Amino acid sequence: MSLRRVLALPGWAEHVRVLAGTAGLDRPLATVQATVDASRAPAAGELVVVVRPIAGTDWQIDALLRRCADSGATGVLLPGTEPLTASRLLADRLAVPLLSTGASPLDLLVEARLLLVAPELDRANLLLATHRALGDRLRPPEEVVAVLRRLLRGPVAVLDDQGAPLAGEVTGRVRLDEPVPQRTELAGGVLLAHPVLLQRPALWLAAELTGPAAASADIVPPALAVAAGALQRWLLANRLELERDARSRTALLGDLLRLDTEPGADLRRRVADAGWRLGGWHVGLHIGVPAAVDTVARTPEVVRALQAENVEAVVVEHGDGWTGWVSSDHEPTAERVRSLAARLQAAHRALRLGAHTGVGRPHPHPEGLAATVAEALDAARLAATRPETGHFLHVDQLGMAQLLLEWTRTDTFEPAARALLAPLHPAPGDLVRTLAAYLDAESSIAETATVLGIHRNTVAARVARIEQLLGVDLSRPDERLALHLASRAVILSEPD
């Protein structure tokens, strides 16, 4: 706020004259205070309103002007006084505006003070309107966006923790690594953002103010904080509902996978209530992810990725990720199975969750559902150690590898494998994974380097070190087979 803005008020424009000190009209104005004489020391940013004519000579006006200049006050308003030319020249030299009025100084003071507190009143009105519009009812992001868009008359969006819009749209970008309220200047506007915090920002609420609305950006953050609180309540309630549904789905899947006879009436009813099918043919899938991934929260994302590839699948939170299946009335042809696997692989790539995905063969009826899911779990376990396949495997791609996987799960093989490879663990570099990748690549140094993302000279040095530490010759087929199985068994048994 400046004195020039105050002079544009109706009462001031009609009744106030600027006598001198026009160079200081853009000084910041913080407060307007009345005084009965010129002896009080003004504060910085203060417009001094003298309510009674100053008796005596103009030296008192000169002294007041100097005190204003020294303290950083904004200016002086005199009631009906016409100071001498010397006082006007002093005001010009000090750049302290000297004003005069024939109207009531107190009326002008009230009008100026109302202007000064207008932002606070606007902030309070917007805050109250936001409270009333959102109310106590839980509101999803779409409704919160609609309320704020109406109140702010500009673009509003709810963004996820990666900056993608869940509702609404804004053009500016939120700094996702700064979990605090933000203000970003845009070309012709302002972007305001407020985090919706749980343990970390789960969502962001962003509003874009352009044109005249950008001038009122300072009054908006409290309203965004209120709306963020409403979103937080919705998140917590929605999370409870998601976890309850996830537990129910996981329990139902567990009951299905443990079936060794025909399902009873109660189980069939629960399956029907969930919208699942037991009849027909099923192709199982399993998507495993690192332990840090919140599978309950990410389930809708997985469903969207599958639907984007025209895959209508049941998806259940299970184990280290999600287990699901695609059902059909008739046995799918080999071509349809290949097409389905290709679409599942495209969805797997789109997820970007560090996932490893396995797909089973088609099997019929309830017992077939358990079989195809078991195959998908096996394929996913192997896919976790296969960067060369993009961490995606269809069980038909496994062949002998699946049989070897079953053998390496035994209680006798894994300890033997660990003992065989024990000399590799203290050495620098991940020699066990290097060994597995090297043998997967059929001893190709170049392909191993590409898979591991390291230089081929580094691969060659590591392979030589492995042979030295283990006392083996990797060109011999029997030693290669034993070490290949051992490295796979050790890697599969390690936590993610």
Please go through region 282-300 and pick out each residue that is open to solvent by 30 Å² or more (accessible area, probe 1.4 Å) and either at pLDDT 95 or above or among the basic types (Lys, Arg) (or both).
Arg298
Does region 455-496 hold any residues that are farther than 17 Å from His425 by Cβ, buried (at least 16 other Cβ atoms within 10 Å of the Cβ) and β-branched (Val, Ile, Thr), and which are they?
Val459
Just a yes or no: is a residue in region 290-302 touching a Pro at 6+ places or on another chain (Cβ under 8 Å) and at negative phi?
yes
Restricted to region 380-401, and to residues that are farther than 16 Å from Leu285 by Cβ and either in contact with a helix residue (DSSP H, G or I) (Cβ under 6 Å, 6 or more places away or on another chain) or at pLDDT 80 or above (or both), which residue is least open to solvent (accessible area, probe 1.4 Å)?
Thr385
When both residues are 6+ apart or on different chains and their Cβ atoms are under 9 Å apart, which pairs have a first residue that lies in region 154-165 and is under 21 Å from Ala214 (Cβ atoms) and part of a strand (DSSP E or B), and a second that is basic (Lys, Arg) and open to solvent by 10 Å² or more (accessible area, probe 1.4 Å)?
Val156/Arg149
Region 272-281, residues that are outside any loop (DSSP other than H, G, I, E, B) and either in contact with a strand residue (DSSP E or B) (Cβ under 7 Å, 6 or more places away or on another chain) or surrounded by 20 or more Cβ atoms within 10 Å (Cβ to Cβ) (or both)
Trp281
Which pairs turn up if I take residues in region 301-319 that are open to solvent by 80 Å² or more (accessible area, probe 1.4 Å) and look for partners that are of a type in the set (D, E, K, R) with beta carbon separation below 8 Å, at least 6 apart in sequence or on another chain?
Asn310/Arg343
Residues (charged (D, E, K, R), open to solvent by less than 60 Å² (accessible area, probe 1.4 Å) and more than 13 Å from Ala370 (Cα to Cα)) located in region 240-271:
Glu243, Asp245
Could you check region 83-104 and list, in sequence order, the residues that are in contact with a strand residue (DSSP E or B) (Cβ under 9 Å, 6 or more places away or on another chain), in a loop (DSSP other than H, G, I, E, B) and of a type in the set (A, V, I, L, M, F, W, C)?
Val96, Ala103
Name the pairs: first residue in region 247-260 and closer than 15 Å to Glu367 by Cβ and in contact (Cβ under 8 Å) with a residue 60 or more places away in the chain, second residue open to solvent by 50 Å² or more (accessible area, probe 1.4 Å) and charged (D, E, K, R), Cβ to Cβ under 7 Å, at least 6 apart or on different chains?
Leu259/Glu367
Pick out the one residue from Ala342, Ala334 that is at pLDDT below 90, out of contact with any helix residue (DSSP H, G or I) (no Cβ under 8 Å at 6 or more places or on another chain) and loosely packed, with under 13 Cβ neighbours inside 10 Å.
Ala334
Scope region 135-150; condition open to solvent by less than 40 Å² (accessible area, probe 1.4 Å) and either among the charged types (D, E, K, R) or modelled with pLDDT of 90 or more (or both); matching residues:
Pro140, Pro141, Val144, Val145, Val147, Leu148
State all residues of region 8-59 that are open to solvent by less than 30 Å² (accessible area, probe 1.4 Å) and part of a helix (DSSP H, G or I); if no residue qualifies, say none.
Gly11, Trp12, Gly24
Suppose we keep only residues that are open to solvent by less than 20 Å² (accessible area, probe 1.4 Å) and among the aliphatic types (A, V, I, L, M) within region 354-379. Which one would you say is farthest from Asp294 (Cα to Cα)?
Leu369
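The values are calculated or read from the model by the stated rules, or taken from the named source; none is laboratory data. None of the values given here were measured: they were computed from a predicted structure. Every residue, glycine among them, receives a Cβ derived from its backbone with ideal geometry; neighbour counts consider all protein chains shown. To get the accessible areas, we keep the full protein, side chains included, count just its heavy atoms, and leave off ligands, DNA and RNA. Shrake-Rupley method; radii C 1.70, N 1.55, O 1.52, S 1.80 Å.
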